[in-house]
Structures are given as structure tokens and as C-alpha cells.
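For reference, the structure discussed in these notes is given below.
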Amino acid sequence: MLIVPEREIADLMTREAAFDAVEKVFAAMAARDAYNFPVVREAIGHEDALYGFKGGFDQAGLTLGLKAGGYWPNNLEKRGLINHQSTVFLFDPDTGKAKAMVGGNLLTALRTAAASSVSIKHLARDDAKVIGMIGAGHQATFQLHAALEQRSFEKVIGWNYHPDMLPNIEKVATEAGLPFEPVGLDGMKEADVIISITSAFAPSLMVDHVSPGTHIACMGTDTKGKQEVESALLAKSSVFTDEVAQSISIGEAQHAVAEGLIKESDVGEIGAVINGTNPGRTSAEQITLFDGTGVGLQDLAVAAAVVDLAVEKGIAIEVDF
Ligand code: NAD
């Protein structure tokens, strides 16, 4: 069995490799060559932790495994560790033998950023110039980095519920040589692409804050009850997702579906757009919205890619297991 420790991931994994892995697995999911197993998520009654598994099998890429981990809210304060902790385990689909154990913390951020980035590649207008960020926490910086590679953006605008966090995303914009402007939510009308990545339970972005032709990637809502955008915005948009079942139950579409504003059949798969079986954006005025809920297969895809890179560079630790 091969081990790739968390400390090695930053030097091994690139945004390009994460993008390719995620784009391929979304395509495989839509072609029904890959599927996710039901998610297990439990409050374990210890350290206020939420722990669970996300797994799946990609028959096209021959990737089988799971990501185990979750959220330990006291880690940072008590132990100086990050609160989100996860590890990916890969198995040989021919034999069932454990194949690799991979640190999953940085990979989670990279695969989540790759997902919105894939949606921008396939759904945003080619002439998009202004990108708007809603959220300025840990994931937001990864999101912005990856998104900037997809179009010739000329300006970054940002709004955050906690304005003191905005310098986090300003730094990414500045490093990319782009001007950054903090705006009110109304200012998002200027954006051609909007990424929302917050832990909100009530909508911030409303229909009136979005101009025709915008592409929105809603990346924060991954649990029942969370919500980042007004549900009427989904009714006004062409909605796409990584996995429809998750989108309508734990993703941003849960609210619009529950309120009867859209139906399950209104939610398209990003993989189908990648495969060319769904046309995706069909006009410059259309609002497209990607509901990125986060699936186990994304984790397995980036973990498999990082194992290959680690083997190539002689960094993977081999143990007899
Ligand atoms: P973080 O704690 O670093 O940042 C949280 C962000 O949410 C900050 O910008 C904060 O200002 C904002 N926020 C907090 N309360 C808010 C409120 N009431 N209204 C509006 N904004 C509010 O968290 P993070 O690691 O950046 O994660 C952000 C979200 O992304 C979380 O909800 C997390 O579960 C989700 N996430 C999704 C995926 C996926 O695959 N879709 C993957 C990883 C994380």
C-alpha cells in the first residue's frame, strides 16, 4: 500500500491536475460510468465532531474508495490543528486490497475549487471580465485562484458577511495582478461570474443583484438548511450541478425545489455539458447557475492523481499491508 502524507500534497498537486481529474470524473458520472455511494455523516457525541464517509466507484478511471473525515470544531483552539480533517483511502477494484492512503485536507480545497472552475469553463460567457466573490474564508481563496485561470478577468469584486475577512481574497487578486474592489451586494450586478462560498443559512445574493448573462457558482451549500442565494434566482437561471440527488436534497437547489419553484428535472448535470449531451449556455443573456455540492468521486479522482504524481517523483511511502 502507498501512503501520501498531507505534508507532501502542496508540492505534488497542481490546480491543473485537480481540474483535469474533476472534469473527467464529472463526465464519467453523467455517462453513468461512475457513481457515488450514499453519504454517511454522524454527530459522534465527542468533541462536538461531525464525522462521515463519502465514497464511490469510477469504472472509467478504475478508482474505488472513500474519503473519511469531518469537522472537529475545537481543533484549532485546543490543539492548533485545522478543524476540517479528512483522509482518502483507495482500493484496488480488481481485488479489494487497500491501495493508497492520502491526506485529504488540501485536496478537498483543490477539488472544490476545481469544480467551480470546471463550471466556469463550460458555462460562463467567453467574454467574462469581472468576477465577484461572495465569501472570503478558507475555501474562497482557492476558489478565486482556480477561477482566474478560466477567463481573461480584468477585475475582482468582493462582498463578505464579515468585511474584515475581505483582505484574504484581495491578496489573491493582487497576486494575479488584478484590481480588487469591495462592493455591496448590489455591486454584484457588475459581475459576469459570481462564486459564493460561505457557510450561510440564509440567502445573501438576491435576484436583483444579478445581471443577465451571469454565471453563478454556488459552492457553500452542502448540508440541509444551508442557503446562499434567493431561491427565486434558481427559477430564473439554467441550473446545473455535480449530482442531481445531492443538489435537490443538500445543495442550493433544495430550497427552490421544496418551494415548488423548480423541479428535479430542471437541474442538469455539468457532466452532460462536458460530454456535449446538454447544450449548457445557449445565449449571452441566460443566467447559468452551478450548484456544487461536493461528491466523493471528486475526492477519489484528485487522490488518485496525487498518488500517480507521488509515485512518479519517488515520494510515495510504500508499506507492506
Ligand atoms: P470558513 O469558515 O473559512 O469561511 C466561512 C465564510 O462564510 C466566510 O466568508 C464567512 O464570512 C461566511 N459567513 C459566515 N456566516 C455567514 C452568514 N451568516 N452569512 C453569510 N456569510 C457568512 O469556511 P470555508 O472552509 O471557506 O467553507 C465555506 C463553506 O464551504 C462551508 O459551508 C463548507 O461546508 C463549504 N464547503 C463546500 C464544499 C463543496 O464541495 N461544495 C467543500 C468544502 C467546503
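As a test of reading the structure, rank Phe57, Phe91, Phe290 by solvent-accessible area (1.4 Å probe, protein chains only), most first.
Sorted by accessible area, descending: Phe91, Phe57, Phe290.
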With every protein chain left in place and a probe of 1.4 Å, what is the accessible surface of Leu110, to the nearest 10 Å²? 20
How large is ³J(HN,Hα) for each residue in segment 294-302, as worked out from phi by the Karplus curve 6.51 cos²θ - 1.76 cosθ + 1.60 (θ = phi - 60°), to whole Hz, x for Gly and Pro? x, 10, x, 4, 5, 5, 5, 5, 6
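Starting from the residue with the highest accessible area, list Thr198, Thr14, Thr241 in decreasing order, probe 1.4 Å. Write out the running numbers ahead of the final one.
On the way: Thr198 35, Thr14 60, Thr241 0 Å².
So, going from the largest accessible area down, we get Thr14, Thr198, Thr241.
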Using alpha-carbon coordinates alone, the radius of gyration and Dmax of the chain in Å work out to 19.0, 59
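Give the carbon-plus-sulfur fraction of the accessible surface of segment 124-294 in %, rounded to a whole number; probe 1.4 Å, heavy atoms of protein chains only. Please report the intermediate quantities before stating the final value.
Values: 3590 of 6810 Å².
C and S atoms contribute 53 percent here.
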Cross-link candidates for Lys263: which lysines have Cα within less than 25 Å, leaving aside residues fewer than 8 places away along the same chain? Lys224, Lys226, Lys236
Skipping prolines and chain starts, which residues have an amide H placed within reach, meaning under 5 Å, of the one on Gly268, given they are 5 or more residues away or on another chain? Val239, Phe240, Thr241
Of the listed pairs Lys121/Lys189; Lys78/Lys171; Lys129/Lys155, those with alpha carbons more than 18 Å apart are Lys121/Lys189; Lys78/Lys171
Compute the normalised compactness of segment 124-294: alpha-carbon radius of gyration over 2.2 N^0.38 Å, N being the residue count. 0.96
Could you order Thr288, Thr95 so the one with the most accessible surface comes first? Probe is 1.4 Å. Thr95, Thr288
Under the Karplus relation 6.51 cos²θ - 1.76 cosθ + 1.60, θ = phi - 60°, what is the ordered set of whole-Hz ³J(HN,Hα) values for segment 217-232, x standing for Gly and Pro? 10, 8, 10, x, 7, 9, 8, 4, x, 6, 7, 10, 10, 4, 5, 4
Checking rank on 42-50, 165-173, with mean other Cβ inside 10 Å and highest first, the result is 165-173, 42-50
Per residue, how much accessible surface does the chain expose to a 1.4 Å probe? Answer in Å², no decimals. 44
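Equivalent ellipsoid semi-axes for segment 56-193, as square roots of 5 times the alpha carbon gyration tensor eigenvalues: give them largest first, rounded to whole Å. Walk me through the numbers on the way to the answer.
Values: eigenvalues 222, 91, 22 Å².
After diagonalising the Cα gyration tensor, the semi-axes are 33, 21, 10 Å.
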³J(HN,Hα), Karplus 6.51/-1.76/1.60, whole Hz, each residue of segment 101-111, x for Gly, Pro: 10, 10, x, x, 6, 5, 4, 4, 5, 5, 6
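The values are calculated or read from the model by the stated rules, or taken from the named source; none is laboratory data. Keep in mind it's a predicted model, so treat the numbers as computed, not measured. Cβ coordinates were reconstructed from backbone atoms using ideal geometry, including for glycine residues, and neighbour counts include every protein chain displayed. These accessible areas exclude ligands, DNA and RNA; they are computed on the full protein's heavy atoms, side chains included. Shrake-Rupley method; radii C 1.70, N 1.55, O 1.52, S 1.80 Å.
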